[in-house]
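The values are calculated or read from the model by the stated rules, or taken from the named source; none is laboratory data. Everything numeric in this text was worked out from a predicted model, so none of it was measured. Quick reminder, even Gly has a Cβ in these numbers, built from the backbone with ideal geometry, and neighbours come from all protein chains shown.
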Amino acid sequence: MRVIGTVGLPGSGKGEAARVAREEGIPVVTMGDVIRRECRDRGLDPAEHHGRVARALREENGPDAIAARSLPLVEDSLDSSDTVLVDGIRSGVEVDRFEEAFGDDFLLVSIEAPFDLRADRVTERGRDKPAEDGGEALRRRDERELGFGMRDAMDRADVVIENTDTLEAFRSRVREIIRTEAGTADGGRSTSAGVER
């Protein structure tokens, strides 16, 4: 069994890493989907109220509330797959929850990129318009994520991928880590695919 968690600021490449996992036949549990579902349950638009509902869930149910709601989804996925990727860990408290649940079978991957590069990516996918507002929307999102404790989670990562090269190079690094951790490649933990801590 292997549970691979990803952490990273907006535009770092977490969604692309999840796409690679799916292409490799690895189920993906997206923690943001828990928040989007809660938005809909509360009659709110996920695109507009995602951050507010994420804060509310943590205030109402504790800082690990979203991880706690994600765990059953991970466990269900492990019924049919030896490896699961958890997309979008946002705090050290959430890392604690996954480590408690899966112990040494949990691997945390931090995906990192400079602000300007992330701003370009976010603009390209149409989520924010950093070029129009000087990056303020992305800075606000970064502050919100860091406010949840993301820096602590990133600092605790087992593997860091610096996503500053081409898309194909990044996808190749992610694929190597997934195949190694899923036991479909030779050898132990990948060090060539990222910086091992």
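See the values below:
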| quantity | calculated |
| --- | --- |
| Qualifying residues in the stretch 157-186 (those that are in contact with a strand residue (DSSP E or B) (Cβ under 6 Å, 6 or more places away or on another chain) and over 14 Å from Gly11 (Cα atoms)) - the one modelled with the lowest pLDDT | Ala182 |
| Residue check, Ala56 within 18 Å of the chain's Cα centre (by Cα) and over 23 Å from Val160 (Cβ atoms) | no |
| Matching entry among Ala54, Ala47 (being at pLDDT below 95, of a type in the set (Gly, Ala, Ser) and surrounded by 14 or more Cβ atoms within 10 Å (Cβ to Cβ)) | Ala54 |
| Options Ser70, Ser77: the member that is over 12 Å from Gly5 (Cβ atoms), in contact (Cβ under 8 Å) with a residue 12 or more places away in the chain, hydroxyl-bearing (Ser, Thr, Tyr) and assigned to a helix (DSSP H, G or I) | Ser77 |
| Candidate set: the stretch 24-47, residues that are free of Cβ contacts under 8 Å to residues at least 12 places away in the same chain and assigned to a helix (DSSP H, G or I); chosen: the one nearest to Arg125 (Cα to Cα) | Ala47 |
| Test set (1) more than 21 Å from Ala21 (Cα to Cα); (2) within 18 Å of the chain's Cα centre (by Cα); (3) at pLDDT below 95 - Arg97 fails condition number | (3) |
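Yes/no per residue for (1) modelled with pLDDT of 95 or more; (2) surrounded by fewer than 21 Cβ atoms within 10 Å (Cβ to Cβ):
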site	(1), (2)
Leu107	yes, no
Glu132	no, yes
Leu146	no, yes
Asp155	yes, yes
Gly194	no, no
